[in-house]
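The values are calculated or read from the model by the stated rules, or taken from the named source; none is laboratory data. Just so we're clear, the structure is a prediction, and the values are computed from it rather than from any experiment. All Cβ positions, even for glycine, are placed from backbone atoms using ideal geometry, and neighbour counts span all protein chains on display.
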Amino acid sequence: MLELLQPQPADKILALMQAFREDPRAGKIDLGVGVYKNAEGVTPVMRAIKAAEKTLWETETTKAYTGLAGDPAFSDAMIDLVLGTSVERARIAAVATPGGTGAIRQGFELIKWVNPEATVWLSAPTWPNHPSILKFLKMPLAEYRYFDDETRGVDFEGMLEDLAQVKAGDVVLLHGCCHNPTGANLTLAQWAEVIAVLQEVGAVPFVDIAYQGFGDGLEEDAAAVRMVASEMPECLIAASCSKNFGIYRERTGVLMAISEKADGQPLAQGSLAFLNRQNYSFPPDHGARLVTMILTDPALRADWEAELEEVRLGMLALREQLASELQRLSGSDRFGFLAQHRGMFSRLGTTPEMVEKLRADHAIYMVGDSRMNIAGLNAQTVPILAQAIVDAGI
Ligand code: LMR
């Protein structure tokens, strides 16, 4: 049997991580995988996570199974964080999942299970694992225009035109904030127009929110998903705690399914729990428990929010430094978009050949589509990157 397996193409982001690790050059710069790094290049354990872990170690008395949906207190805390009071709680089903990817996977499986004909529409471009999972599940997928290569902003007209083609019952995957890989985001007024089109065509929105708190702030970054959830009859939401709690390896995420009416919630809740059972039984608990402790303890929460804000403002400062350094070196404003983008990523907007040249000549690693992880920079490496970009003639 095993001889029938076919080698699979390496995930571009993970292959880049490996190549960076193996590069012996001093001064190499990693702008690849979406992991936050501080100015020393370290991905720190956040203070509140450390404090919660200590308390948990001292007080946890059992490691027995939780429930198929995970601890309901985790779902409640995450619903509060992501949705606030925008949607009646009784309409929301939620389960813990192994990270944001687990939530995406379970959401896709739910779609395939109930409506195998549904096409899932993805932004062009999107996180490469979205189409990869859909193809693996043999689910129909399509793309809507999103990024304007000229302006490096959102191709909003193209987006609306393509969304108008969506069939009733199809699913439209939207990045709740901090679009990955481009960094270009919709304004709230544009979100309202997108929602109107989705309502018109009868699509189901599936919001992927993996970077809440990395863009304009915790509340601000949730504004779009709250608008979608409160204005659409049904909605799926995949939220990740990997980035904003810095607990990447703990695999902590949540999938929410919002039914049109509260009487639909028990069926959705039971179905999500059943799906968990089919795939891995009980979702991981450690990260979810830490997140719950932080979100429900005012002191821990205040410290977490403060540290997250430091992270966000640090990335914003790097964006501004890079845009102004490029302005100075190139004598043009064409890189101004870097300061407008939000979140961890920006798409520089150059060719794979140029990306390869930056890697070969300067040991600067970014994803082949020219996605840069801004958090991979620091005040000293920004001028090096800016010089390399200008020298390469980008
Ligand atoms: C990324 O986009 O780099 C992150 O979401 C990490 C991953 O799993 O790809």
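Look at residue 238 and say whether it is touching a helix residue (DSSP H, G or I) at 6+ places or on another chain (Cβ under 6 Å), within 16 Å of the ligand (Cβ to nearest atom), assigned by TED's automatic domain parsing to the domain that holds residue 211 and among the hydrophobic types (A, V, I, L, M, F, W, C). In short, yes. Residues that are surrounded by fewer than 17 Cβ atoms within 10 Å (Cβ to Cβ) number at least 3 in the following helices (runs of 4 or more DSSP H) confined to the stretch 325-394: 352-362, 381-391. A count restricted to the stretch 227-246 and to residues that are assigned to a loop (DSSP other than H, G, I, E, B), at negative phi and of a type outside the set (S, T, N, Q) stands at 6. Is there a residue in the stretch 291-309 that is among the charged types (D, E, K, R) and out of contact with any helix residue (DSSP H, G or I) (no Cβ under 9 Å at 6 or more places or on another chain)? Scanning the stretch 291-309 turns up no residue that is among the charged types (D, E, K, R) and out of contact with any helix residue (DSSP H, G or I) (no Cβ under 9 Å at 6 or more places or on another chain). Is at least one residue of the stretch 12-32 in a loop (DSSP other than H, G, I, E, B), within 16 Å of the ligand (Cβ to nearest atom) and in contact with a strand residue (DSSP E or B) (Cβ under 6 Å, 6 or more places away or on another chain)? Among the residues of the stretch 12-32, at least one is in a loop (DSSP other than H, G, I, E, B), within 16 Å of the ligand (Cβ to nearest atom) and in contact with a strand residue (DSSP E or B) (Cβ under 6 Å, 6 or more places away or on another chain), which makes the answer yes.
Kindly indicate whether residue 65 is aromatic (Phe, Trp, Tyr), exposed (fewer than 12 other Cβ atoms within 10 Å of the Cβ) and not in a helix (DSSP H, G or I). Here the answer is yes, as residue 65 does meet what is asked. Of the candidates 287, 264, the single residue that is in contact with a Lys or Arg (Cβ under 9 Å, 6 or more places away or on another chain) and either basic (Lys, Arg) or within 16 Å of the ligand (Cβ to nearest atom) (or both) is 287.
Restricting the stretch 84-107 to residues that are closer than 18 Å to residue 242 by Cα and of a type in the set (A, V, I, L, M, F, W, C), the residue that is surrounded by the fewest Cβ atoms within 10 Å (Cβ to Cβ) is 104. When residues in the stretch 182-235 are screened for being in contact with a strand residue (DSSP E or B) (Cβ under 7 Å, 6 or more places away or on another chain), among the β-branched types (Val, Ile, Thr) and over 14 Å from residue 342 (Cα atoms), 4 of them pass.
Only one of the numbered conditions (1) closer than 14 Å to residue 389 by Cα; (2) within 16 Å of the ligand (Cβ to nearest atom); (3) not polar (S, T, N, Q) is not met by residue 344, and that is (1). Of all residues in the stretch 108-127, those satisfying the criterion of being crowded, with 18+ Cβ neighbours inside 10 Å and either of a type in the set (A, V, I, L, M) or within 16 Å of the ligand (Cβ to nearest atom) (or both) are 108, 110, 111, 118, 120, 122, 123, 125, 126, 127.
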